[in-house]
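Nothing in this text is a laboratory measurement; each read-out follows from the coordinates by a stated rule. Because the structure is predicted, anything quoted here is derived from the model rather than measured. Virtual Cβ from ideal backbone geometry, glycine too; neighbours counted across all protein chains shown.
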Amino acid sequence: MSGFPILSVMLAIPAIAAVICLFVPANTARWLALAATLIDFVLGIGLWAQFDIGGPQWQFVEYPGSLGVFDWKLGVDGFALLLIMLSVFLMPICIGASWVAVTKRVPEYMAAFLLTEVLMIGTFAAQDLFLFYIFFEAGLIPMYLIIGIWGGANRIYASYKFFLYTLLGSVLMLVAMLWMTNYAGTSDIPTLMNTDFPAHAQVWLWLAFFASFAVKMPMWPVHTWLPDAHVQAPTAGSVILAGVLLKLGGYGFLRFSLPMFPEASSELTWLILGLSAVAVIYTSLVALVQSDMKKLIAYSSVAHMAIVTIGLFAFNQQGIEGAMMVMLSHGLASGALFLCVGVIYDRLHTREIDRYGGLAINMPGYAVFFLLFTMASIGLPGTSGFVGEFLSLMGTYKVSTWAALLCTTGIILGAAYMLYLYRRVVFGDLVKDDVRAMTDLSRREIALLAPIAAVILWMGVYPESFMAPMRGDVSTLVARLAHTAPAGDSKPTTGKAPAASPAHAGDHQ
Amino acid sequence: MTTSANLILTLPEVVLSLGSLALMLVSAWGGQASTRAVSWTAVAILAGAGIALTGPSSHGGLAFDGLYHADAFGAFAKVLIYIAAAVAIIMAPRFFERTAGDDLRPEYPVLILLSSAGMGMMVSAGDLLTLYVGLELQSLAAYVLASFMRRDTRSAEAGLKYFVLGALASGILLYGISLVYGFSGSTTFDQISNAYAGSKSLGLTFGLVFVFAGMAFKISAVPFHMWTPDVYEGAPTPVTAFFASAPKVAAMAMAVRVAIEAMGPATDAWRQIVIFAALASIILGAVAAIGQSNIKRLLAYSSINNVGFVLVGLAAGTPDGVASVLFYLTVYVAMTLGSFLVVLQMRDATGEPVETIASLSGLSQTRPGLAAALAIFMFSLAGIPPLLGFNAKLAVFKAAVDAGLYPLAVAGFVASVIGAYYYLRVVKVMYFDDPAPEFQRGGSVVEGGLIAAAAVFVSPIGWILLAPLGMLSLNAARSLF
């Protein structure tokens, strides 16, 4: 709360380091990138420590001046704080994961990652509509380069698809933003969050934003860029994609669609619930038949993101808190799973599930970590996944029992494909010679996976640390939505013992 | 008003005209040897004309009984024109020196100066005849410039094509002018404006359509764009850079002035034309560029595409719209000149210029600085934030949305995604593909500096200029209303 512009500094450090990286040799670039991301992580911890829970909604606000059409205005609330923490936490891990795996054009690689970090923090901290859009959209450039230069065999197709798909989604949002600033006379996000737009316009605006966020999220049926991008991206690129970039869609719904267009959100809830229910079941089934590990995890991401959207559009405290928790948990768990894939990919240079088997025998340490992350992805109690999915589905049940019922089957299917993956890769006999020759985790790899494992357990055992900062913001949001919240069909009654609801049944399987 | 007072208001054009006449004599007597001196003197004269703009010629009002408007709008456009012209002169000598056979002749800078004087008249004209004379002075100089490589058949073809189609366009424009004169009884913008405000005669509408068709030729908006790719490809690269920047700015500023000052009351009539031309240019410019393998043709279609976006700002027809046009043109000039300067560096091992996109393959590994600069220009032309090309697009679309033109904004934005594809392709070739034979090194320091300056201007560092540029362009735009 002091005058120290901590958010701008968090943006400046990786930006400056990115520029310097371009002019130094490979090894210096690695250390420089690691140092910059670690400094940002420390600053992030400072941000969290200084964050006044229960204080004003917007903290660390900086507003040095206008840049013509838009303003340079930064600030965070609880949602933004947690997502920034996720970004700065994953970033040093990504740099570490690329330490030996990336050997060509290292300085450019590190610069691209540092740039991505700047843009992600900027997206979450921006308090001006256009500043948000600039950060949001600019993230395409480094990701395009990361996929295109350091990606796999089919990287060119994947990079184009990623870029054009997401760009097309976003331009409609920009038109809506222009209309909104014209109507409200300001592009200040906190003001717009309390502006009541006319109901007929809201539907159009909501759809324009939906076009962008649905692609970023990604929601079925516009999810097809994700498996391609994931499979072709280098390991660290997948971690950032799954860990943070996918959260931009959820953050967008939370920051824009819900508070700015409550009437339209309520009116179109059926659309979100329908698409999410399809996504959960369809992509889970698709994940079951994948032979490529990264593709399997990519499809599981789509399913998890669908749980986020139904939670958000439950219009109640549990749903929204749950959605946030799923986002954080998925960021950690799927990021860690991609790292696990990267570990064995570095050794055998294939992601074919059938090429592996019996890793528990020669890589016991790896098997333990992989199991923990698999469980977190399934949503086992005690891990981070459980808290979010349980809350999210509980919130949904109040609005639509059918959607909750359908989405809960996703948990069962999730357990099926994840355990099936784990069994084929880790259990069984060690029959292949090249697999037998694989060595267990190195110290560097343990150092990358252990922090994530610790946070996943922390989030599973004591989620209050993560829910406290956002509780106030969730209440504000629920209050804003209260007059439009759909009635719901669960009809809870007092006095009678509640029947076993599908949501519970699903979570305790 | 005395003649001297009138002349002071037109000082920039006076400086350019006298300067170019003097230099013409110098080059006639000095011959080939004087090229270098004439070039730098021409740059100095352009700078002098720019300094002259700081005087009353940027805010003095009407000169020569309304034939000439000395206002902030004209001054803003002239600054852009002078900068583009100076860069076109600076980048020429090395190109001609290295291209087999033809050294740069001293007439080149002289022609550019004459063309600039014509463009100054175009953007400051307060009368259709002043406008036409300025336009012809600019065009005639440009026809010669297009065929400046006398031994090159492509260059000669470009010059001829440009001449024939340019003459046709001038004819159409003149026909429109005669109709407007016939039905309004005057050629000055003020009187024409009164005529449009008064009667709704069919003749005036016909005149408007022909005037706009003629101007669309000059700014190469669809459906009058056909000459652009051929001329851009055939003309010597520095000349192409000039064509893509200065005359574009001049013709666009001229169109804005005619639309607002002379035909302001008929906004509803010309808006339909502008909207059609804008969308058609954006879409055709984007789609046709996809199949191109020559970088100069690609940039030609890119300029058609960009003209479409500029017209979106004009379609709004508000002060904000005009300001966005000026801002867009500023950014566009920087991106275009920067791109062509990079194209100028593309030479194979023997020093011959190469123009295929494939020869850029792997440029990021052989010449990282050059590749980064071109990547910045390409992303900026595609309108991807945080580069200034995005801010320019944002400005024109903001004006359009504020004026209530929602379908135009949606269609324009969606079509811009098509355009992004071919800009991305250039980046892909440079960054993702394996290195092709390295380009010959040894570009001049001045050219490198100009590339760097343009790249820095469109990069996020250029954000610090957003607020002042926004103020200046709005101030310039207000002088029209």
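Based on the mean of other Cβ atoms within 10 Å per residue, sort peptides A:223-229, B:169-175, A:436-442, A:459-465 so the most packed one is first.
Answer by packing, highest mean first, reads A:223-229, B:169-175, A:459-465, A:436-442.
Can you pull the one-decimal nm distance between simple spin-label points at A:Lys104 and B:Leu25, each 7 Å off the Cα toward Cβ?
About 6.3 nm, to one decimal.
For chain A, calculate the relative contact order in percent as a whole number, restricting contacts to Cα pairs under 8 Å that are 6 or more residues apart.
Once divided by the residue count of chain A, the mean separation gives 15 percent.
Mind running the shape call on chain B? Use the C-alpha gyration tensor, a ≥ b ≥ c as the square roots of the eigenvalues: rounded below 1.5 for a/c, prolate if a/b tops b/c, oblate otherwise.
Verdict is oblate for chain B.
Return the FRET efficiency for the residue pair A:Trp458, A:Tyr420: r is the Cβ-Cβ distance, R0 is 25 Å, and the value is rounded to the nearest 0.05.
0.35
For segment B:84-189, what class follows from the C-alpha gyration tensor (a ≥ b ≥ c being the square roots of its eigenvalues): rounded when a/c is under 1.5, otherwise prolate if a/b is larger than b/c, else oblate? Walk me through the numbers before you get to the answer.
Values: a/c = 4.71, a/b = 2.03, b/c = 2.32.
In terms of gyration-tensor shape, oblate.
What is the Cα convex hull volume of segment A:121-200 when expressed per residue in Å³?
In segment A:121-200, the Cα convex hull volume per residue is 94 Å³.
Cα centroid distance between segment B:28-48 and segment A:330-371, in Å?
Between the Cα centres of segment B:28-48 and segment A:330-371 lies a distance of 70 Å.
Quick check on the exposure proxy: order A:Val69, B:Val427 from fewest to most C-beta atoms within 10 angstrom.
So the residues, fewest neighbours to most, are A:Val69, B:Val427.
Find which of A:Ala450, A:Leu406, A:Phe70 sits farthest along the positive direction of the dipole of chain A, computed with +1 on the beta-carbon of Lys and Arg, -1 on that of Asp and Glu, about the Cα centre.
A:Ala450
Amide H to amide H, which residues 5 or more places from A:Glu62 or on other chains are under 5 Å from it, using H placed in the peptide plane?
Result for A:Glu62 returns A:Leu74, A:Gly75.
How high is the relative contact order of segment B:350-418, in percent, counting Cα pairs under 8 Å that sit 6 or more residues apart?
Relative CO of segment B:350-418 lands at 15 percent.
As a footprinting exposure proxy, order A:Arg444, A:Arg355 by other Cβ within 10 Å, with the fewest listed first.
By the 10 Å Cβ count, ascending: A:Arg444, A:Arg355.
What is the packing order of peptides B:128-136, A:425-433, taking the mean over residues of other C-beta atoms within 10 Å and listing the highest first?
Peptide ranking by packing, descending: B:128-136, A:425-433.
Would you list A:Val343, B:Val164 from fewest to most Cβ contacts within 10 Å? Walk me through the numbers before you get to the answer.
Details: A:Val343 23, B:Val164 12.
In increasing order of surrounding Cβ atoms, one gets B:Val164, A:Val343.
Short version: ³J(HN,Hα) in whole Hz for each residue of segment A:364-378, in order, from phi by Karplus 6.51 cos²θ - 1.76 cosθ + 1.60 (θ = phi - 60°), x for Gly and Pro, what are they?
Residue by residue, segment A:364-378 yields x, x, 4, 4, 5, 4, 4, 5, 4, 5, 4, 5, 5, 5, 5 Hz.
Can you tell me the relative contact order of chain B? Whole percent, Cα pairs under 8 Å, sequence separation 6 or more. Could you put the intermediate results ahead of the total?
On the way: 854 pairs, mean separation 70.5, N = 481.
About 15 percent, as a whole number.
Which of the pairs B:Lys248/B:Lys296; A:Lys216/B:Lys428; B:Lys248/B:Lys393; B:Lys78/B:Lys161 have their Cα atoms more than 25 Å apart in this structure?
B:Lys78/B:Lys161, as the Cα separations exceed 25 Å there.
Placing unit charges on C-beta atoms (Lys and Arg positive, Asp and Glu negative, everything else neutral), compute the dipole magnitude of chain B about its Cα centre in debye, rounded to 20. Walk me through the numbers on the way to the answer.
Values: 24 positive and 25 negative charges, 81 e Å.
The calculation lands at about 400 debye.
Starting from the Cα gyration tensor of chain A, take the square roots of the eigenvalues, sort them a ≥ b ≥ c, and report rounded, prolate or oblate (rounded when a/c is under 1.5, otherwise prolate if a/b is larger than b/c, else oblate). Can you show the working numbers first?
Details: a/c = 1.66, a/b = 1.15, b/c = 1.44.
Taking the square roots of the gyration eigenvalues as a ≥ b ≥ c, chain A is oblate.
Just how far, in whole angstrom, is segment A:199-260 from segment A:179-195 if you go by their alpha carbon centroids?
Rounded to whole Å, the Cα centres lie 22 Å apart.
Calculate the dipole size of chain A relative to its Cα centre from +1 charges on Lys and Arg beta carbons and -1 charges on Asp and Glu beta carbons; express the result in debye to the nearest 20.
On the way: 25 positive and 29 negative charges, 186 e Å.
About 900 debye.
For the charge dipole of the protein assembly as shown, defined by +1 on Lys and Arg C-beta atoms and -1 on Asp and Glu C-beta atoms about the Cα centroid, which residue among A:Val215, B:Gly118, A:Gly357 has the Cα displaced farthest towards the positive pole?
After comparing all options, I get A:Gly357.
Tell me, what ³J(HN,Hα) does each residue in segment B:290-299 have, in order and in whole Hz, if you take phi through Karplus 6.51 cos²θ - 1.76 cosθ + 1.60 with θ = phi - 60° and put x for Gly and Pro?
4, x, 6, 10, 9, 5, 6, 5, 4, 5
Please give the Cα centre distance for segment B:57-133 versus segment A:450-477, rounded to the nearest Å.
Result: 64 Å between the Cα centres.
Please give, to one decimal in nm, the separation of the simple spin-label points placed at A:Ala447 and A:Leu430, each 7 Å out from Cα toward the Cβ.
If labels sit at A:Ala447 and A:Leu430, their model points lie 2.7 nm apart.
Suppose R0 equals 30 Å; then what is the FRET efficiency for A:Ala479 and A:Val203 from their Cβ-Cβ distance, rounded to the nearest 0.05?
Numbers: r = 22 Å, r/R0 = 0.75.
My answer for the efficiency is 0.85.
Charges at C-beta only: +1 for Lys and Arg, -1 for Asp and Glu. How large is the resulting dipole of the protein assembly as shown about its Cα centre, in Debye rounded to 20?
For the protein assembly as shown, the charge dipole is close to 1040 debye.
Would you please give the residues with an amide H less than 5 Å from that of B:Ala125, counting only those at least 5 places away or on a separate chain, with H modeled from the backbone geometry?
Hits under the 5 Å cutoff: B:His69.
Highest mean first, how do A:147-154, A:326-333, B:278-285 rank when packing is the count of other Cβ atoms within 10 Å averaged over residues?
A:326-333, B:278-285, A:147-154
Can you give the mean number of other chain Cβ atoms that lie within 10 Å of the Cβ atoms in peptide A:155-168?
Across A:155-168, the average partner-chain Cβ count within 10 Å equals 3.
Under 5 Å between amide hydrogens, which residues at least 5 positions from B:Arg347 or on another chain qualify, with H placed 1.01 Å from N in the peptide plane?
B:Val354, B:Gln440
Per-residue HN-Hα couplings for segment A:115-123, Karplus 6.51 cos²θ - 1.76 cosθ + 1.60 at θ = phi - 60°, whole Hz, x for Gly and Pro?
Each residue's phi maps through the Karplus curve to give 5, 4, 4, 4, 5, 5, 4, x, 4 Hz.
How well do other chains shield peptide B:385-392, expressed as the mean number of their Cβ atoms within 10 Å of each residue Cβ?
Other-chain Cβ atoms within 10 Å of each residue's Cβ, averaged: 5.
Counting partner chain Cβ atoms within 10 Å of every residue's Cβ in B:56-66, what's the average?
0
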